[in-house]
1. Being farther than 26 Å from residue 89 by Cβ and touching a residue at least 40 places away in the same chain (Cβ under 8 Å) is the filter here; which residues of region 21-31 pass it?
2. Do you know which of the residues in region 100-115 that are over 18 Å from residue 25 (Cα atoms) and buried (at least 19 other Cβ atoms within 10 Å of the Cβ) is nearest to the chain's Cα centre (by Cα)?
3. Looking at (1) surrounded by 22 or more Cβ atoms within 10 Å (Cβ to Cβ); (2) under 15 Å from residue 123 (Cα atoms), which is the only condition residue 1 fails?
4. Which numbered condition trips up residue 44, out of (1) under 18 Å from residue 120 (Cα atoms); (2) modelled with pLDDT of 95 or more; (3) over 14 Å from the mean Cα position of the chain (by Cα)?
5. Give me the pairs: first residue in region 7-20 and without any contact (Cβ under 8 Å) to a residue 12 or more places away in the chain, second residue outside any helix (DSSP H, G or I), beta-carbon distance under 9 Å, and six or more apart or on different chains, which are they?
6. Mind listing just one residue for me: the one in region 116-125 that is in contact with a strand residue (DSSP E or B) (Cβ under 6 Å, 6 or more places away or on another chain) and not in a loop (DSSP other than H, G, I, E, B) and, of those, surrounded by the most Cβ atoms within 10 Å (Cβ to Cβ)?
7. For region 19-41, how many residues meet the condition of being at pLDDT 90 or above and out of contact with any strand residue (DSSP E or B) (no Cβ under 8 Å at 6 or more places or on another chain)?
8. Taking the options 64, 93, 59, name whichever one is closer than 15 Å to residue 30 by Cα and in contact with a strand residue (DSSP E or B) (Cβ under 8 Å, 6 or more places away or on another chain).
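The values are calculated or read from the model by the stated rules, or taken from the named source; none is laboratory data. This one's a predicted model, so the numbers in the text were calculated from it and none came from an experiment. Because the Cβ atoms are built from the backbone with ideal geometry, glycine has one as well, and the counts that use them run over all protein chains shown.
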């Protein structure tokens, strides 16, 4: 399973044109998904409805809801990673990828480095 970050969803149209390796992996049958937090960030846009439809089809509608286990894990990640304000949303996104035992694909790897010691695994582009 690969969880995509918001910036990866935004990059999908370009990646589809270029035949990006992640596109190929998922087209070959590897499962993909996003957290509801990522989907929310993506929909804030600006975004075209065609891009929303492409992203939704690409992840096969696999938008994972946030639950209390994710909230607890995210709070723990946030606290262990230094309680920086900029980590709040990223901690939620990371927690959901960790719980799903998913590889996490982001273009902002530096933002998620604080969560690697706690189980986040970054996908290689």
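1. Listed by number, the list holds a single entry, 21.
2. Here the answer is 112.
3. Every listed condition holds for residue 1 apart from (1).
4. If we test residue 44 against (1) under 18 Å from residue 120 (Cα atoms); (2) modelled with pLDDT of 95 or more; (3) over 14 Å from the mean Cα position of the chain (by Cα), just (1) comes out false.
5. Listed pairs, sorted by first residue: 14/20.
6. Only one residue tops the list, namely 122.
7. Looking only at that region, the number is 6.
8. 59
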